[in-house]
1. Stick to the Cα atoms of segment 33-72, pair each with every other, and give me the Kirkwood hydrodynamic radius in Å at one decimal.
2. How far apart, in nm, are two points set 7 Å out from the Cα along the Cα-to-Cβ line at Asp35 and at Leu53?
3. With each pseudo-label sitting 7 Å past Cα toward Cβ, what's the Trp66-Leu3 distance in nm, one decimal?
4. Any idea what angle helix 49-71 forms with the longest principal axis of the chain, computed on alpha-carbon atoms, 0 to 90 degrees, nearest 10?
5. Dimensions of the chain along principal axes (Cα, Å, largest first)?
6. What angle, in degrees between 0 and 90 and rounded to the nearest 10, separates the Cα long axis of helix 3-27 from the longest principal axis of the Cα atoms of the chain?
7. Pull up all non-local amide H partners of Leu32: gap of 5 or more, or a different chain, and H-to-H distance under 5 Å with H placed in the peptide plane.
8. Based on Cβ point charges of +1 for Lys and Arg and -1 for Asp and Glu, what charge dipole magnitude is obtained for the chain about its Cα centre, in debye rounded to the nearest 20?
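We did not get these values from a lab; they are worked out from the coordinates using the rules stated. On a predicted model such as this, the values are computed, not experimentally measured, just so you know. Counting neighbours? That spans all protein chains shown, and the Cβs are built from the backbone with ideal geometry, glycine included.
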Amino acid sequence: MNLGKLLVIAGLTLIIIGALIWGLGRLGIRRLPGDIYYQSDNVRIYIPIVTCLVLSILLTAVIWIWQWLGRR
């Protein structure tokens, strides 16, 4: 694969990831039940456990479908 094609693919991938992050932020899919959030006077801790699991499942499904369609 030549460098130009690789850079175009990397750029498109970054655009798609950026659009997804922006879109999910506007939809309010941040604090799902199961995410850990702690706040005191000087400390804020947010651990998005369930959000990470949901994103992992979605990305796994997308990659699996992509590979399945690529074999056809």
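1. Its Kirkwood hydrodynamic radius stands at 12.3 Å.
2. 1.5
3. 2.4
4. Tilt of helix 49-71: around 10 degrees.
5. 53, 27, 20
6. Computed tilt is about 30 degrees.
7. Thr51
8. Using only the charged Cβ atoms, the result is roughly 300 debye.
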